[in-house]
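Okay, so here's the structure we're looking at.
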Amino acid sequence: MVTTAVPAPAVTGRLPRFAVPAAAAVGALSTALAAVQLLSPAEPADGHHFTRPSDYLIEALFAASLLGAACAVILLGRYHRQLGRWGTFGAIAAGAYALGAALVGISATATGARGVESLGIIQFPGIGILLIAGLLMAIATVRARVLPIAVGLGFAAALPAGMALGDAGPLTLAVLWLAVAAALARNRARIGQPATPGN
């Protein structure tokens, strides 16, 4: 299995350095969301206001995980751009993923604030963009060899699998983003090690 790219230069700048904690935070938020949904499944709003505190908590975690993913994928793209093989295609893929996550996250934020389904006009296009962008991210990461192949392919598989799994679905995104964080942390540790003869 291809584990990473390319011997890479040291990553400079502050924003890319936040890629690891941002990815880990999205993984943690998605794990918490799955736990709350499994313990207290959300009841369909059907045009009515939420009635249980857990419904508000679920929506808040959902919104936070999506907005966090939008930030994390931008940081991921900036990190990989400095490794030299990310390119324009990778930038487009990361931008599309961030846009889709942000649209759904904004809709979820409005829903949580009002207690009733809101901004469906941007939620559904956001989901479509996310599905397409996940495939683009998978292609970009595999082409650039900046993440393990299984992690890269996870961008394409996580959202469809999560939708199929229902209340446990956020666990697929949790696994994806925690794997991204772990891969980036390994890359940074490798970059920080002094070169040895033969490497």
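What the table shows:
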read-out	value
Point-to-point label distance, ILE121-THR51, nm (Cα→Cβ direction, 7 Å offset)	3.0 nm
The range 36-158, accessible area per residue, ligands and nucleic acids excluded (1.4 Å, Å²)	45 Å²
Candidate residues LEU176, LEU153: accessible-area rank, largest first, probe 1.4 Å	LEU153, LEU176
Heavy atoms of ILE132: accessible area, 1.4 Å probe, square angstrom to 10	110 Å²
Mean projected area in nm² (Cα convex hull; one quarter of hull surface) for the range 106-182	5.6 nm²
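The values are calculated or read from the model by the stated rules, or taken from the named source; none is laboratory data. The structure displayed is predicted, hence computed values, not measured ones. Ideal geometry is used to build each Cβ from the backbone, glycine not excepted, and the neighbour counts take in all protein chains shown. Calculation scope for accessible area: heavy atoms of the full protein, side chains included, ligands and nucleic acids excluded. Shrake-Rupley method; radii C 1.70, N 1.55, O 1.52, S 1.80 Å.
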